[in-house]
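Visitor: Handing you this structure, nothing more for now.
The values are calculated or read from the model by the stated rules, or taken from the named source; none is laboratory data. This one's a predicted model, so the numbers in the text were calculated from it and none came from an experiment. Using ideal geometry, Cβ is built from the backbone for each residue, glycine included, and neighbour counts are taken over all protein chains shown. When the accessible area is computed, the model is the full protein with side chains, heavy atoms only, and any ligands, DNA or RNA have been set aside. Shrake-Rupley method; radii C 1.70, N 1.55, O 1.52, S 1.80 Å.
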Amino acid sequence: MRIITFAFITLFLLLSACTSNKEAPSSNFDSLPPYQKVNPFIGTGGHGHTFPGATVPFGMVQLSPDTRLEGWDGCGGYHYTDEYIYGFSHTHLSGTGVSDYGDILLMPSLAEKTTFNNGADGGEGYRTQFSHENETAYAGFYQVELDNGILVRLTTSKRVGIHQYHFPKGEKQSVYLDLEHRDKVLKSGFEQTSDTEVVGYRHSSAWAKNQQLFFVMQFSKPIQSSESYNQGTSSQAQKQDGTAIKAKFSFDESQAQLLVKVGISAVSIEGARRNLEAEIPHFDFEKVKTEATTTWDAALGKIALEGGSKDQQQMFYSALYHSMIAPNLYQDVDGQYRDMDGQVHQSNEHTHYTVFSLWDTYRATHPLYTILEQERTNDFIRAFIKKYESGGILPIWDLSANYTGCMIGYHAIPVIADAYLKGIRDYDVAKAYEAMKHSAQQNHLGLESYKKYGFIPVEEESESVSKTLEYAYDDWCIAQMAKALGNEADYKYYIQRAQHYKNVFDPSSKFMRGRLYNTLFEPFNPYEVNFNYTEANAWQYSYYVPQDISTFIDIMGGQDAFEARVDALFEAEQATSGRHQVDITGLIGQYAHGNEPSHHIAYLYNHIGKPQKTQAKVRQIM
């Protein structure tokens, strides 16, 4: 294994969102293994959108408590300010701006009376209060003692989650299954196949319009009785299908401990069963936990950190941990997976993944993977190719075999080009290159105008300035790939398209501006957040020419003028006008560290021989 040692790298501190004051498991922090230096509660407050539950690196299962059912700050299913837990579900998104997932919710209960209401309406329900003082988490493990005295411990393998419940002595023991939780249900169902097993499925629609998930759930002791809920009607039925399905399973209380393991699959119930049998064929919770934390130690240990305070080390490893939660494994142990055509495919030649948030990750996260996760990078690109073959286009923001249509650019392209130019090439290079060019020749999302005019007119497409700039960068990446492959004609074509950024540059104001067919968009205010830019304003997007910085410096008036313009960004009034954009946070002047379009700007000083200014700004940002 390649170990990279740093005296201390502060870059990862930039990736940390809001944090709780949760203490690490030991006061002797320096001697802890990396997995215990992770604080999964970082990002669960403010607008961080993370979750504190258990997962393994790039795993299919994210087993975590759900405290929030909806809203922008509930995207991860959990928010640190909440005081009730609705249950523990098996899929979660981390750091996204749209909510999804929360599949297969389980909630242990002491109540003798059955209620299939979750309690969100303020009435009687199975949600339960909890305190952060009774909550612990580190990489691969989560634990909470609910206010009713039930101790919940969670850990996972790649495709299976395992719950350990300790009930107060002599109390009733039951577990609710909620298949209606969170997303709109298209159809769902379960069947009790024995006194220790329940199988089922949940197909739902939210951001991803057709999510398909199957599960096999096994208990460590027999179910004594069960009740079910279907479309508002309660019964004793052990098999139900519908769109509002819940169930309650009750157990003998002579033993305080109950374990539940849940295998999931996007393919079938039998796929979920094979996953469960292959990964957790037993009920040894501690063994699974040890395997999960050992896996995290190997992943996080690729960077050995020396020096720094406890808080700095914790932020570093927590940020590194968050970079390894997604993309997510999306393939069963037998090689089957569901792809963008909605069909089940078989491959023993690559590992399939989903959750490629590429506008967010091509800038820094995927380049990090080319250092730490080279073989997985090969698999990511193999997955891109499979998605292209089954769905007709490289992924833009794909989730659970769905194109969400979210965000801009075709940013699988820089991921492929970056890997190829760094010598990471264990995939069908010709097919990858074909897919790159195919994506650039579409007529949707403003590309038809971009190809025709060299820019996207305001009249034809929203966020036209940002899309023009991002497409130009992606085209430069195709050009570099073409050059490396010896395709001179393609190189000339795409390197010319990479110059299209100049067509939205206004020489008089020095800003990137929206264009109508024959004139600039008016009125213009660089502080205004409007439909010409993606999650930003003209200040924040007018420095995005990473493919041609030297020419960009020239058209800005030379090095001195360029330095003054970058200075002006950091010194500008710290306010925006126009529409409210929740992603524009962490302002230093008009530099907005809360979102990706600003992240490179501090480093532009390096290109005019002023590295000391980059260093000063990076320290100020941190």
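Visitor: Taking residue 503 and the conditions (1) without any contact (Cβ under 8 Å) to a residue 60 or more places away in the chain; (2) of a type outside the set (Ser, Thr, Tyr); (3) open to solvent by less than 10 Å² (accessible area, probe 1.4 Å), which numbered condition does it fall short on, given that it satisfies the others?
Guide: So residue 503 meets the others, but not (3).
Visitor: Also: Which count do you get for residues in segment 57-74 that are open to solvent by less than 10 Å² (accessible area, probe 1.4 Å) and at pLDDT below 95?
Guide: 1
Visitor: What do you reckon, is residue 517 closer than 11 Å to residue 547 by Cβ and of a type in the set (Ser, Thr, Tyr)?
Guide: no
Visitor: Anything in segment 523-546 that is open to solvent by 30 Å² or more (accessible area, probe 1.4 Å) and within 15 Å of residue 467 (Cβ to Cβ)? List them, or say none.
Guide: Hits for segment 523-546 are 531, 535.
Visitor: Kindly provide the set of residues from segment 212-248 that are within 26 Å of residue 145 (Cβ to Cβ), within 33 Å of the chain's Cα centre (by Cα) and not hydrophobic (A, V, I, L, M, F, W, C), ordered by number.
Guide: Hits for segment 212-248 are 218, 220, 246, 248.
Visitor: Ok, one more. Collect the residues in segment 452-482 that are over 18 Å from residue 547 (Cα atoms), of a type outside the set (A, V, I, L, M, F, W, C) and touching a residue at least 12 places away in the same chain (Cβ under 8 Å), keeping them in residue-number order.
Guide: 453, 457, 459, 460, 461, 462, 463, 464
Visitor: Another one. Quick one: in segment 249-268, which of the residues that are within 27 Å of the chain's Cα centre (by Cα) and more than 15 Å from residue 90 (Cβ to Cβ) is surrounded by the most Cβ atoms within 10 Å (Cβ to Cβ)?
Guide: 267
Visitor: A follow-up question, please. State which residue is farthest from the chain's Cα centre (by Cα) when the search covers only segment 288-301 and only residues that are open to solvent by less than 40 Å² (accessible area, probe 1.4 Å) and more than 19 Å from residue 164 (Cα to Cα). Please lay out each step first, then the result.
Guide: Within segment 288-301, the first condition is being open to solvent by less than 40 Å² (accessible area, probe 1.4 Å), and the residues that meet it are 288-289, 292-293, 296, 299-301.
Subset that is more than 19 Å from residue 164 (Cα to Cα): 296, 299-301.
Values: 296: 18, 299: 18, 300: 18, 301: 22 Å.
That would be 301.
Visitor: With (1) open to solvent by less than 20 Å² (accessible area, probe 1.4 Å); (2) free of Cβ contacts under 8 Å to residues at least 24 places away in the same chain; (3) not small (Gly, Ala, Ser) as the list, and residue 574 as the residue in question, which single condition is left unmet?
Guide: So the condition that residue 574 fails would be (1).
Visitor: Hey, another quick one. Could you list, in sequence order, the residues of segment 140-170 that are assigned to a strand (DSSP E or B), of a type outside the set (D, E, K, R) and open to solvent by 10 Å² or more (accessible area, probe 1.4 Å)?
Guide: Once the filter is applied, which keeps residues that are assigned to a strand (DSSP E or B), of a type outside the set (D, E, K, R) and open to solvent by 10 Å² or more (accessible area, probe 1.4 Å), segment 140-170 yields 143, 151, 164, 166.
Visitor: Looking only at segment 79-102, how many residues end up being open to solvent by 10 Å² or more (accessible area, probe 1.4 Å) and either acidic (Asp, Glu) or within 11 Å of the chain's Cα centre (by Cα) (or both)?
Guide: Number of matching residues: 8.
Visitor: Within segment 553-562, track down each residue that is touching a residue at least 40 places away in the same chain (Cβ under 8 Å) and open to solvent by less than 30 Å² (accessible area, probe 1.4 Å).
Guide: Across segment 553-562, the qualifying residues are 553, 556, 562.
Visitor: Still on this model: Tell me which residues, restricted to segment 366-395, are outside any helix (DSSP H, G or I), farther than 18 Å from residue 301 by Cα and open to solvent by less than 30 Å² (accessible area, probe 1.4 Å).
Guide: First, the residues of segment 366-395 that are outside any helix (DSSP H, G or I): 373, 392-395.
From the residues that got through so far, the ones that are farther than 18 Å from residue 301 by Cα too are 392-395.
Result: 393, 394, 395.
Visitor: Another question, then. Can you name the strands (runs of 3 or more DSSP E) wholly within segment 48-115 that have at least 1 residues being among the aliphatic types (A, V, I, L, M)?
Guide: 105-109
Visitor: Show the residue pairs that are 6+ apart or on different chains and have beta-carbon atoms under 6 Å apart, the first residue being within segment 336-349 and closer than 13 Å to residue 382 by Cα and in contact (Cβ under 8 Å) with a residue 12 or more places away in the chain, the second being open to solvent by less than 30 Å² (accessible area, probe 1.4 Å) and not aromatic (Phe, Trp, Tyr).
Guide: 339/390; 339/401; 347/335; 348/335
Visitor: With respect to residue 451, determine if the residue is open to solvent by 50 Å² or more (accessible area, probe 1.4 Å) and touching a helix residue (DSSP H, G or I) at 6+ places or on another chain (Cβ under 7 Å).
Guide: When the stated conditions are applied, residue 451 does not pass them.
Visitor: Within the bounds of segment 378-400, is there any residue that is touching a Phe, Trp or Tyr at 6+ places or on another chain (Cβ under 7 Å), more than 19 Å from residue 340 (Cβ to Cβ) and either touching a residue at least 24 places away in the same chain (Cβ under 8 Å) or not small (Gly, Ala, Ser) (or both)?
Guide: yes
One line per residue, one yes/no per condition, for (1) at pLDDT below 95; (2) part of a strand (DSSP E or B); (3) open to solvent by 20 Å² or more (accessible area, probe 1.4 Å); (4) farther than 25 Å from residue 357 by Cβ:
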| position | (1), (2), (3), (4) |
| --- | --- |
| 191 | no, yes, yes, yes |
| 218 | no, yes, yes, yes |
| 234 | yes, yes, yes, yes |
| 247 | no, yes, no, yes |
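Visitor: Quick one: is residue 323 buried (at least 23 other Cβ atoms within 10 Å of the Cβ) and under 22 Å from the mean Cα position of the chain (by Cα)?
Guide: It is false that residue 323 is buried (at least 23 other Cβ atoms within 10 Å of the Cβ) and under 22 Å from the mean Cα position of the chain (by Cα).
Visitor: Among 549, 495, which is free of Cβ contacts under 8 Å to residues at least 40 places away in the same chain, of a type in the set (A, V, I, L, M) and open to solvent by 10 Å² or more (accessible area, probe 1.4 Å)? Spell out the reasoning first.
Guide: Values: 549 fails: free of Cβ contacts under 8 Å to residues at least 40 places away in the same chain.
Only one candidate qualifies: 495.
Visitor: Moving on to the next point. Suppose we filter segment 196-211 for residues that are in a loop (DSSP other than H, G, I, E, B) and under 31 Å from the mean Cα position of the chain (by Cα); how many remain?
Guide: So the first thing to find is which residues in segment 196-211 are in a loop (DSSP other than H, G, I, E, B), and the list is 196, 206-210.
Subset that is under 31 Å from the mean Cα position of the chain (by Cα): 206-210.
Summing the residues that are in a loop (DSSP other than H, G, I, E, B) and under 31 Å from the mean Cα position of the chain (by Cα) in segment 196-211 gives 5.
Visitor: Right, another one. All but one of (1) out of contact with any Asp or Glu (no Cβ under 8 Å at 6 or more places or on another chain); (2) free of Cβ contacts under 8 Å to residues at least 12 places away in the same chain hold for residue 132; state the number of the condition that does not hold.
Guide: In the conditions (1) out of contact with any Asp or Glu (no Cβ under 8 Å at 6 or more places or on another chain); (2) free of Cβ contacts under 8 Å to residues at least 12 places away in the same chain, residue 132 misses (2) alone.
Visitor: Is it the case that some residue within segment 462-478 is over 20 Å from residue 432 (Cα atoms), touching a Ser or Thr at 6+ places or on another chain (Cβ under 6 Å) and not small (Gly, Ala, Ser)?
Guide: Checking segment 462-478: at least one residue is over 20 Å from residue 432 (Cα atoms), touching a Ser or Thr at 6+ places or on another chain (Cβ under 6 Å) and not small (Gly, Ala, Ser).
Visitor: Can you tell me which residue among 176, 201, 229 is touching a residue at least 40 places away in the same chain (Cβ under 8 Å), open to solvent by 30 Å² or more (accessible area, probe 1.4 Å), out of contact with any His (no Cβ under 7 Å at 6 or more places or on another chain) and closer than 19 Å to residue 90 by Cβ? Outline the logic, then answer.
Guide: Working: 176 fails: open to solvent by 30 Å² or more (accessible area, probe 1.4 Å); 229 fails: closer than 19 Å to residue 90 by Cβ.
Being touching a residue at least 40 places away in the same chain (Cβ under 8 Å), open to solvent by 30 Å² or more (accessible area, probe 1.4 Å), out of contact with any His (no Cβ under 7 Å at 6 or more places or on another chain) and closer than 19 Å to residue 90 by Cβ holds for just one of 176, 201, 229, which is 201.
Visitor: Looking at this structure, is residue 49 in contact with a Cys (Cβ under 6 Å, 6 or more places away or on another chain) and open to solvent by less than 30 Å² (accessible area, probe 1.4 Å)?
Guide: So residue 49 passes the test.
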